[in-house]
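Report on the structure given below.
The values are calculated or read from the model by the stated rules, or taken from the named source; none is laboratory data. This is a predicted model, so every value here is computed, not measured. Here the Cβ is made from the backbone with ideal geometry for all residues, glycine too, and neighbour counts use every protein chain on show. Areas reflect the complete protein model, heavy atoms only, side chains present, ligands, DNA and RNA absent. Shrake-Rupley method; radii C 1.70, N 1.55, O 1.52, S 1.80 Å.
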Amino acid sequence: DVPLINAVLHDKVQLAQQHDVELTVDIKNTVFDDCDENGNIGSVEMYDLCSALGNILDNAVKASAGSKNSRVNIKMFSEMRYLFINCENTISDKRDDSFPVGSGLGLGILNDLAVKYDGVFSLEEKKGRYTALLSLKISEK
């Protein structure tokens, strides 16, 4: 149980509900097995992890809002010294203008985090769905 991650997820669940988007979260328990007292996972800082989760979910909810059967599925797991966040969402053909000004910065932040942690950020559109994948290398401090 990681309070900062829970706070981000709680906020994004509310955002999804406000826009009639079904949000499913699957975080493997082992992701946080190696957290230090500050919630960092090896070299991956908790602040950066919260930023990554928040930005990916903001983008997914925004892209999905207004589509028929709006849905966002996010998974987080660790494997082979990498932390993975995989998010898939439906794509709306309608634009929802109720999102705050400043939207659009998230993809740059996600790219910066991938570079910072020797990982990869990719975004793919296929068959009416977006799939975002972020990998962050978990190095020793």
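Things worth noting here:
- Selection status of residue 139, under 17 Å from residue 19 (Cβ atoms), in a loop (DSSP other than H, G, I, E, B) and among the small types (Gly, Ala, Ser): no
- Test: residue in segment 43-50 that is closer than 16 Å to residue 110 by Cα and charged (D, E, K, R): yes
- With respect to (1) of a type outside the set (Gly, Ala, Ser); (2) open to solvent by 50 Å² or more (accessible area, probe 1.4 Å); (3) under 17 Å from residue 135 (Cα atoms), the lone exception for residue 87 is condition (2).
- Condition broken by residue 72, with the remaining ones in (1) open to solvent by 20 Å² or more (accessible area, probe 1.4 Å); (2) assigned to a strand (DSSP E or B) satisfied: (1)
- Residue in segment 84-94 that is assigned to a strand (DSSP E or B), at pLDDT 95 or above and farther than 21 Å from residue 24 by Cβ present: no
- All positions within segment 105-136 that are hydrophobic (A, V, I, L, M, F, W, C), open to solvent by 100 Å² or more (accessible area, probe 1.4 Å) and either assigned to a strand (DSSP E or B) or under 17 Å from residue 77 (Cβ atoms) (or both): none
- Scanning segment 49-64 for residues that are farther than 11 Å from residue 5 by Cα, open to solvent by 10 Å² or more (accessible area, probe 1.4 Å) and of a type outside the set (A, V, I, L, M, F, W, C) returns 55, 58, 59, 62.
- The C-beta contact set for segment 54-80 (first residue on the phi > 0 side of the Ramachandran plot, second residue open to solvent by less than 40 Å² (accessible area, probe 1.4 Å) and at pLDDT 90 or above, distance under 8 angstrom, 6+ apart or interchain) comprises 66/19; 69/90.
- Single residue of 22, 37 found to be more than 17 Å from the chain's Cα centre (by Cα) and surrounded by fewer than 17 Cβ atoms within 10 Å (Cβ to Cβ): 37
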